[in-house]
Amino acid sequence: MKPGSKYYPLYQRLAQLPDDTCTFTMDELEACIESKLPPTARQKSAWWANRSKGASQSQAWVQAGYHVDTVDFEQQRVVFKKFQTEYKIQREDGAIKWDQAAIRALRLHMNLTQSQFAEAMGVRRQTISEWENGVYAPDRSTMKHLGLVAKTSAFDPTDSYQPPTAE
């Protein structure tokens, strides 16, 4: 996040917060950046996507260590939460249980975006997002494939995984 960019004041504000969760109204966010948010920010959830590359607004919260948890368009409120920096990895019969934490930890271990990981797994990016958000779990054959991918990428956490910090 470059000083002087439109969303740099938001980055600074979030970076200084000690809280794991914080809520701002969209008016408060506009006051923070001393500028109006675009109309899409008040209407479309895509504007609030947690992208680590690309959109300058998301860089403000991602680089400050937060992600957008919820956006309430009716109340015009945004909830930011700190990233979970350690993922609890569960095992069943010695094998990794491929739940949302394990899948996200593997993707981060491989240093891939959801799109890149989806390509490597042969699924849609939306599928990766759904796995990582716990919408549903991969089927048994996909879990075996995840195990092979983990093995070839030297992913073998004990009971937790802390991804390297991205700069």
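The values are calculated or read from the model by the stated rules, or taken from the named source; none is laboratory data. Please read all numbers here as calculations on a predicted model, not as lab measurements. Methodologically, a virtual Cβ is constructed for each residue, glycine included, from the backbone with ideal geometry; neighbour enumeration extends over all protein chains shown.
Annotations
- Subset of the range 38-64 [surrounded by 17 or more Cβ atoms within 10 Å (Cβ to Cβ) and either on the phi > 0 side of the Ramachandran plot or among the small types (Gly, Ala, Ser) (or both)]: 41, 58, 60, 64
- Unmet criterion (only one of (1) under 14 Å from the mean Cα position of the chain (by Cα); (2) polar (S, T, N, Q); (3) at pLDDT 90 or above) for residue 50: (3)
- Residue 68 meets the conditions (1) aliphatic (A, V, I, L, M); (2) crowded, with 17+ Cβ neighbours inside 10 Å; (3) touching a residue at least 40 places away in the same chain (Cβ under 8 Å); (4) within 23 Å of residue 19 (Cα to Cα) in every case but one. The failed one is (3).
- Flag if residue 68 is assigned to a strand (DSSP E or B) and either over 27 Å from residue 114 (Cα atoms) or among the aliphatic types (A, V, I, L, M) (or both): yes
- Any pair with Cβ under 8 angstrom, 6 or more apart, that starts in the range 111-123 at a residue that is farther than 14 Å from residue 143 by Cα and in contact (Cβ under 8 Å) with a residue 60 or more places away in the chain and ends at one that is surrounded by 14 or more Cβ atoms within 10 Å (Cβ to Cβ) and not charged (D, E, K, R): none
- Taken together, 95, 120 contain a single residue that is surrounded by fewer than 16 Cβ atoms within 10 Å (Cβ to Cβ), farther than 16 Å from residue 50 by Cβ and at pLDDT 90 or above, which is 120.
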